[in-house]
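Reading through the structure tokens given below for one structure.
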Amino acid sequence: MRFTGDQRGNNPGVPPPDKLFMVVTGLLIALVWLTLWSITHPRSHQSDCALDEECQSVQEAIARWEQLWQQIATDENNAETASSVPDKSLRAAGDTVFMRYRHLWVDVDRQTRHAFRLSALSNQLPQKIELLQPLLQAHDAQIRFRAWLEIARLQLRARDLKEAETAAREALGVADIDPKLTVDAHFILAYTALEQRQFDVAEQALEQAVSLDSGFWDARQVQMWLLTRQLDNPRQTLSDCLDRTRLLIENLRIMPALGQNRVQFRDFADLFRTGAASGNAATHLLAGLGDLWAGDRDKARDQFLKVKQSRGRLPVRCAALIAAKADELLNSVGSRETP
Amino acid sequence: MNAVVALVCWLLTVLIGWWLLKRDLHHRFGPPLVMISCLAVLGLLLLGLALPVDETAESLPLAPEAAFMSVWALLLLAVLRRLTSSVQIPLLSFRQALVALTAVGLAFAVGRYLVVGQMPALWLMPVLWGVLTTLFLVGFLLCRLDLTDIFPWEYAAWFAGFTVMTNAGMVLGLDLGLASAHGGAMMLFGFSFSALLYWLERPNKWQFNAHPTNT
């Protein structure tokens, strides 16, 4: 047998050795046994929680899930959730927290303003950071925080993830800062974690960012993408699954209000519909809710019907709770109108 | 259950192939045996995806663009073979592709059962890698049985390509980060394994039958 082959008929070649057959046969038998064992011992037969703490987290997740639906039910116009964004100064889809909300950082002295302005005008990254360095020693905690945050943003833009992460952590380490101002630092941490495929870290950081500032459009958008991806994780627990679905529904409710455009419910529904090629129950429920809140009852009905038929890998009880909710919604939507 | 039937089908193929080899019939019956078994296994897997038999089954999202490194490897191998021999490349390469596709499909089908089983989370990743390695090895053996005249280098590139394409959708939750490396890690895995097997199969490394080695 030659390295790259010969087909002139005078080379019968070397047949595979006996030992290879033995090894492969052994491995295949082991694999058949392992697969049969996994089929006969599915995880769904285990209880949802093995430890007391896990049981408690499951109960809490179910309570939060029920609370969400009570809130949706009591909301008179559940599509118009602008009331959940009480801050009138909010500007949707703003870049940083300082741009989204006015008057968060006032009485900045002239020298500091000048340094930030020079840094912004400079077009070389090292020079930008150099101009910010003196501000890291400032007496005022807000200035130190703002300088670290700006460095984190610059490093992120330069795709230096480690440096961006370090600067964001430094920013979070500055004491006496209004928690609301720290949302960008959490967002940068989430973004760097995402780029490094540390999805659990990113999920926590985004949850922190969104809980501190409900009007953070960018964080919510990335969170929706991440949660949809995380819902595909076959090893998630019941409480993870329920919490992720709940957060997705909360995001779906609030995002069109942030964008101040009701049509976006339909856009998000389309997003979930196309993204739900793998078809898990949660994404069908979300697509259905998006259609329902956009006023398209027929499409919503189709999606709710698909919830039960979906063959995703959600934990069994989580899928059952979602299916039960889809049934309720299906009843409330009613049957298809015949023309 | 289709995955188990498919695994048993390949186990039988390996045993029959071994028996054919002992009786020096593998040149004649080896290639049809391998092709028929691959088509049968693929059929079983497709049936499993089409019918709601397997509760955990999902459609396989394919991202061919993620596997461009495999395409380059196949192209280079074709050039190398063309320069050094008179082998008809396309057909031989596609036969290896069929075996690789079956092996990857079976790895994912089996993996789906394993991830929903009660296996401890700590073991899951090594076991899934083990499944992938085992099925790589089985496919390699079948390629050797099918194409006794040449060493199946293309198999590694096809296998890596198919794994990366399917992993791009993170079907298994087997998050190997392969898509981001454009299959480089998987190619390294495949070709290192092939090179190891090539080295192990050197003439007189194992004395096992009366065939002239003629290398």
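The values are calculated or read from the model by the stated rules, or taken from the named source; none is laboratory data. What you see is a predicted model; the values in this text were computed from it and never measured. Heads up, the Cβs are rebuilt from the backbone with ideal geometry, glycines too, and the neighbour counts pull from every protein chain shown. Areas reflect the complete protein model, heavy atoms only, side chains present, ligands, DNA and RNA absent. Shrake-Rupley method; radii C 1.70, N 1.55, O 1.52, S 1.80 Å.
Computed FRET efficiency, Cβ-Cβ of B:Ala185 and A:Gln204, R0 25 Å: what is it to the nearest 0.05?
According to the calculation, E is roughly 0.35.
Which FRET efficiency, nearest 0.05, do B:Leu39 and A:Met22 yield, Cβ-Cβ r, R0 25 Å?
0.45
Give me the accessible area buried between chains A and B, both sides summed, with a 1.4 Å probe, in Å² rounded to the nearest 100.
5800
How much length, in nm to one decimal, is gained on full extension between A:Glu195 and A:Gln221, taken as 0.36 nm per residue of separation minus their Cα-Cα distance?
7.8 nm
For the stretch A:159-259, place one equal point scatterer on every Cα, skip the solvent, and apply the Debye formula. What is log10 of I(q)/I(0) at q = 0.24 Å⁻¹?
Ignoring solvent entirely, the Cα scatterers give -1.26.
Could you calculate the contour length gain from A:His103 to A:Asn331, that is, 0.36 nm times the residue separation minus the distance between their Cα atoms, to one decimal place in nm?
Full extension of this stretch gives 77.4 nm more.
Near the amide H of B:Gly117, under 5 Å away, which other amide H atoms are found, from residues 5 or more places off or on another chain, if H is placed in the peptide plane?
The answer is A:Arg43.
Contour minus end-to-end for A:Thr40 and A:Ala73, with contour as 0.36 nm per residue of separation and end-to-end as the Cα-Cα distance?
7.8 nm
Which FRET efficiency value, to the nearest 0.05, is calculated for A:Gln137 and A:Glu60 with the Förster distance at 51 angstrom and r the Cβ-Cβ distance?
For A:Gln137 and A:Glu60, the calculated efficiency is 0.70.
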